[in-house]
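Q: Pasting in a structure now, in structure tokens, and then I'll have a few things to ask.
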């Protein structure tokens with residue numbers, strides 16, 4: 001502001017000289033300070049009653065912070081007017097007043113009117129009050145009028161300079177906006193358009209000015225554009241309008257845009273601001289996404305077909321192979337050569353493993369297609385079922401299973417049972433040979449999710465393999481060391497993701513592992529885990545990030 005106005009001491013002194021304000025008058029004005037300081041609250045009350053009597057200024061007073069700020073500032077401002085000295089510090093203080101009034105939205109004519117009301121009030125009390133300093137110094141009235149004019153000039157200069165700077169900023173925003181911005185009058189005629197218009201619609205701002213917006217709205221076959229009347233009616237009723245429009249480019253081609261309409265001064269007759277962006281690229285992405293979705297649906301159908309084949313067409317011949325190889329083993333084991341016994345054993349083992357793999361793959365493929373609806377489910381019951389299924393393994397390994405109180409979640413109880421069964425089963429399978437397995441199961445609340453932990457003191461996992469272990473058929477050990485299909489953790493990951501959560505692991509090789517997974521809390525559940533009270537706080541549908549989970 002100081003760079004835009006001439007605020008050098010000579011310029012300020014010239015202002016005083018033009019008003020005829022002398023140094024003697026400046027010094028004499030300080031006599032009025034105690035007189036006005038005592039009586040200013042009465043003036044501020046009068047001033048704010050005047051502000052509140054006009055609808056446009058009353059809206060500003062409706063804002064509590066504006067009202068309190070104005071009262072406080074006005075109580076000081078008109079006392080400062082007669083406090084001096086009228087040096088550069090005083091001048092900068094008065095300039096700040098003009099900027100502040102512009103920022104809160106008070107019009108310049110109101111600022112002028114406030115000075116007029118002050119002079120009217122000050123003149124009356126100076127004439128009528130028995131304690132008026134005017135009785136001893138009649139020239140104070142003229143000096144007060146001069147300093148008021150000096151002050152109002154500074155305030156108005158800073159007000160309009162702030163307004164000009166604001167308009168320059170708005171102009172820069174208007175011209176550099178990445179979206180097309182059109183200012184349209186009440187008749188639907190374009191008055192202003194920014195530079196982006198030419199890039200998007202092919203017409204320069206100068207070419208667009210004076211044309212009807214309707215000229216650019218595509219009509220006829222393929223167009224479902226609403227009318228301007230409908231758009232402005234909705235904008236007036238709901239505060240704004242937004243939606244898709246089909247426009248015509250200067251080249252004659254049609255293209256889709258996403259548009260927003262805001263009325264000027266909330267009045268359709270005053271016009272509106274239309275902003276829009278080209279959706280050509282978005283439409284292309286939508287088509288590609290639709291194609292990928294269709295491909296995924298087709299892939300899922302193929303997977304379902306495979307599951308059907310695996311469960312029916314492959315199972316019967318596989319059972320036959322398994323049955324006959326087992327029959328060979330029972331009937332001819334030890335009656336043929338040692339080499340023949342090995343061949344029979346390999347055949348039986350291969351058939352059994354093939355059957356186990358197909359069954360595991362079938363279970364994996366059915367996580368989404370055969371899953372039950374996600375409903376309020378007691379995770380503790382699912383764990384009970386998993387431990388019951390693992391009862392023999394727990395007993396043979398002498399594993400100690402510690403469990404905390406587990407919460408209800410939103411899920412498929414059978415799949416949650418499979419999840420626990422695989423994680424606890426792995427903890428038993430991959431136990432350290434020199435110590436008794438210890439498995440701990442717990443849960444803690446994280447936003448709208450529950451974060452479960454299954455930790456053990458087993459052989460652990462090298463951090464290099466954290467991602468690999470959740471991939472189907474990826475094994476870190478041979479089947480001779482640790483039997484299994486290599487699909488258990490992949491199945492866990494698929495189940496957790498179907499439930500909208502995430503799964504991860506942290507481990508210290510040789511010391512043990514901790515598997516973490518998240519499941520959504522039920523919508524009606526509160527953070528304490530009860531289902532009969534509403535949840536506290538806003539819903540959060542994003543699972544916590546497990547990548548940084550501690551051991």
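Q: Of the peptides 108-120, 499-511, how do they stack up when ordered by the mean number of other Cβ atoms within 10 Å, highest first?
A: Numbers: 108-120: 15.3, 499-511: 18.3.
So the peptides 108-120, 499-511, ranked by packing, come out 499-511, 108-120.
Q: What relative contact order, as a whole-number percentage, does the range 180-278 give when Cα pairs under 8 Å and 6 or more residues apart are counted?
A: Values: 201 pairs, mean separation 29.9, N = 99.
30 percent.
Q: Once you have a ≥ b ≥ c as the square roots of the Cα gyration tensor eigenvalues for the range 180-278, tell me rounded if a/c is under 1.5, and otherwise prolate or oblate according to whether a/b is larger than b/c. Walk me through the intermediate numbers first.
A: Working: a/c = 1.79, a/b = 1.26, b/c = 1.42.
Oblate, since a/c reaches 1.5 and b/c is not below a/b.
Q: Gain in length, residue 73 to residue 49, computed as 0.36 nm per residue apart minus the alpha-carbon separation, to one decimal in nm?
A: Length gained between residue 73 and residue 49: 7.1 nm.
Q: What list do you get for 466, 90 if you sort them by fewest beta carbons within 10 Å? Can you show the working numbers first?
A: Details: 466 15, 90 18.
Lowest count first: 466, 90.
Q: Between residue 192 and residue 435, what is the label-to-label distance in nm when each label sits 7 Å out along the Cα-to-Cβ direction?
A: 7.4
Q: Where does the range 109-154 land on Rg/Rh, using Cα atoms and the Kirkwood Rh?
A: Values: Rg = 11.4 Å, Rh = 11.2 Å.
That ratio is 1.02, to two decimals.
Q: Once you treat every alpha carbon in the range 370-412 as an equal point and sum by Debye, what is log10 I(q)/I(0) at q = 0.19, 0.20 Å⁻¹?
A: Debye intensities relative to I(0), on a log10 scale: -0.67, -0.72.
Q: What FRET efficiency do you get for residue 466 and residue 402 if R0 is 30 Å and r is their Cβ-Cβ distance, rounded to the nearest 0.05? Kindly include the intermediate steps, with their values, before the conclusion.
A: Details: r = 24 Å, r/R0 = 0.82.
Efficiency computed from Cβ-Cβ geometry: 0.75.
Q: I would also like to ask the following. If I stretch the segment between residue 372 and residue 321 completely, what's the gain in nm (0.36 nm per residue apart, minus their alpha carbon distance), one decimal?
A: Details: separation 51, 0.36 × 51 = 18.36 nm, distance 3.36 nm.
Length gained between residue 372 and residue 321: 15.0 nm.
Q: Which of rounded, prolate, oblate describes the range 371-520, given a ≥ b ≥ c as roots of the alpha-carbon gyration tensor eigenvalues and a/c under 1.5 marking rounded, otherwise prolate only if a/b is larger than b/c? Don't jump to the answer; show the numbers that get you there.
A: On the way: a/c = 1.61, a/b = 1.37, b/c = 1.17.
Verdict is prolate for the range 371-520.
Q: How would 275, 338, 282 line up from fewest to most surrounding beta-carbon atoms within 10 angstrom? Don't jump to the answer; show the numbers that get you there.
A: Numbers: 275 18, 338 8, 282 13.
Result, fewest neighbours first: 338, 282, 275.
Q: Hey, rough spin-label estimate for residue 227 and residue 380, points 7 angstrom out along Cα→Cβ, what's it come to in nanometres?
A: For residue 227 paired with residue 380, the spin-label model returns 6.5 nm.
Every number in this text was worked out from the coordinates using simple rules, so none of it is lab data. Because the structure is predicted, anything quoted here is derived from the model rather than measured. All Cβ positions, even for glycine, are placed from backbone atoms using ideal geometry, and neighbour counts span all protein chains on display.
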